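The values are calculated or read from the model by the stated rules, or taken from the named source; none is laboratory data. The structure displayed is predicted, hence computed values, not measured ones. Neighbour counts are summed over all protein chains in view; Cβ atoms, including those assigned to glycine, are modelled from backbone coordinates with ideal geometry.
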Amino acid sequence: FALARGLVGDWSFEDSRDGFFRNNVGDELAAKVVGNVKSVEYKGTKCVRLGGEGYLEIAHNAKLNLAQGCTLEAWVAPDKIGPGGGRIIDKSRAGTSNGYLLDTYPGNSLRMIVEAGTLSYEAKLPPGEWAHVVATCDARDGAARLYINGSAVASSKAEPDAFVVSRGYVLQRWINACGGRGAYPIKFNGSIFTVDAQIGNEHFDGDYRRWGGMYWWQNTRLPYWSMPASGDFDLMQPLFRMYKNVLGLCRDKTK
């Protein structure tokens, strides 16, 4: 059969050699057997049984950097799985979403995790029955889809980045105007309008930065950075005035 254009890896698991299953696309990206992985025949199909005591590992290769998008595909015949589910394909660093992952969390569901976000579907995959599962992601617009046995079952589209940036800029400029005309500089605590952000599966809110002490200027400079570009020079006067007011004391201290 002809291989699909752009295909990076295809493993049939029909036979292994020296502890590796070869990649049908080429000589690279062989799948290494780690731990207890059994080659079996199930319902007339040669396959591997992953019972939790082993896995197949593919060494990192630049071909696996699917930055423009990806299609993850597998034939699975799962057991009845507990709430933790089981991984099918995982090329992410533990605890992050900086790669791509396809698993059956929770239970016999179907889930894909990429940096653009998470897409899941309560698939209720029948235990012991073969199912063709596919996950796709297009990095251009963040569109993701899940398929089971050829039918689309879930889809999502990422929120445009431009909207998030524009919203944060406008709201922060308004906050600066509210606090930038007083006798003293803008106080960082409470004066940064932080739009709770999600980058992939990592969340950030207004409390993720350090406060006070040696971090005062590190945090206080943030409201002022954007003012020259916005033309809000008048709002910077309290900051400059604070340093000017202590200039005499600083000169005396250095004598």
Count of residues meeting criterion [modelled with pLDDT of 90 or more and within 21 Å of residue 124 (Cα to Cα)] in the range 51-77
6
Sole exception among (1) of a type in the set (A, V, I, L, M); (2) within 30 Å of residue 43 (Cα to Cα); (3) out of contact with any Gly (no Cβ under 8 Å at 6 or more places or on another chain) for residue 67, by number:
(2)
Identity of the residue in the range 127-141, farther than 12 Å from residue 70 by Cα and not in a loop (DSSP other than H, G, I, E, B), that ends up nearest to the chain's Cα centre (by Cα)
133
Residues of the range 14-33 being of a type outside the set (D, E, K, R), in a strand (DSSP E or B) and more than 22 Å from residue 65 (Cβ to Cβ), which ones?
33
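Scanning the range 21-55 for residues that are among the hydrophobic types (A, V, I, L, M, F, W, C) and surrounded by fewer than 15 Cβ atoms within 10 Å (Cβ to Cβ), which turns out nearest to residue 72 (Cα to Cα)? Explain how you work it out, then say what you get.
First pass over the range 21-55, keeping only residues among the hydrophobic types (A, V, I, L, M, F, W, C): 21, 25, 29-31, 33-34, 37, 40, 47-48, 50.
Add one more test, that the residue is surrounded by fewer than 15 Cβ atoms within 10 Å (Cβ to Cβ), and what stays is 34, 40.
Details: 34: 21, 40: 23 Å.
Among those that are among the hydrophobic types (A, V, I, L, M, F, W, C) and surrounded by fewer than 15 Cβ atoms within 10 Å (Cβ to Cβ), it is 34.
Residues of the range 122-144 being closer than 22 Å to residue 84 by Cα and free of Cβ contacts under 8 Å to residues at least 60 places away in the same chain, which ones? Break it down stepwise before answering.
Of the residues in the range 122-144, the ones closer than 22 Å to residue 84 by Cα are 122-135.
Scanning the range 122-144 gives 122, 123, 124, 125, 126, 127, 128, 129, 131, 132.
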Kindly list, by first and then second residue, each pair from a residue in the range 232-255 that is assigned by TED's automatic domain parsing to the domain that holds residue 173 and closer than 30 Å to residue 173 by Cα to a residue that is among the polar types (S, T, N, Q) and surrounded by 10 or more Cβ atoms within 10 Å (Cβ to Cβ), limited to pairs with Cβ atoms under 6 Å and residues at least 6 apart or on different chains.
235/176
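Per-residue answers, yes or no, for (1) outside any helix (DSSP H, G or I); (2) loosely packed, with under 13 Cβ neighbours inside 10 Å; (3) at pLDDT 85 or above; (4) out of contact with any strand residue (DSSP E or B) (no Cβ under 6 Å at 6 or more places or on another chain):
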| position | (1), (2), (3), (4) |
| --- | --- |
| 164 | no, no, no, yes |
| 190 | yes, yes, no, yes |
| 203 | yes, yes, no, yes |
| 207 | yes, yes, no, yes |
| 210 | yes, yes, no, yes |
| 217 | no, yes, no, yes |
| 252 | no, yes, yes, yes |
For the range 95-103, check the following and say yes or no: at least one residue is out of contact with any strand residue (DSSP E or B) (no Cβ under 7 Å at 6 or more places or on another chain), within 22 Å of residue 154 (Cα to Cα), of a type in the set (A, V, I, L, M) and buried (at least 16 other Cβ atoms within 10 Å of the Cβ).
no
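Within the range 34-45, work out how many residues are part of a loop (DSSP other than H, G, I, E, B) and of a type in the set (Asp, Glu). Working first, answer last.
Looking only at the range 34-45, we keep the residues that are part of a loop (DSSP other than H, G, I, E, B), and these are 36-37, 43-44.
So of that shortlist, the ones also of a type in the set (Asp, Glu) come out as none.
Within the range 34-45, residues that are part of a loop (DSSP other than H, G, I, E, B) and of a type in the set (Asp, Glu) number 0.
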Determine which member of the set 144, 123 is outside the structural domain of residue 237 (by TED's automatic domain parsing), at pLDDT 90 or above and under 14 Å from the mean Cα position of the chain (by Cα).
144
Residue 9: in a loop (DSSP other than H, G, I, E, B) and modelled with pLDDT under 90, yes or no?
no
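Specify which of the listed residues (98, 149, 108) is touching a His at 6+ places or on another chain (Cβ under 9 Å) and not assigned by TED's automatic domain parsing to the domain that holds residue 54.
Numbers: 98 fails: touching a His at 6+ places or on another chain (Cβ under 9 Å); 108 fails: touching a His at 6+ places or on another chain (Cβ under 9 Å).
Exactly one of 98, 149, 108 is touching a His at 6+ places or on another chain (Cβ under 9 Å) and not assigned by TED's automatic domain parsing to the domain that holds residue 54, namely 149.
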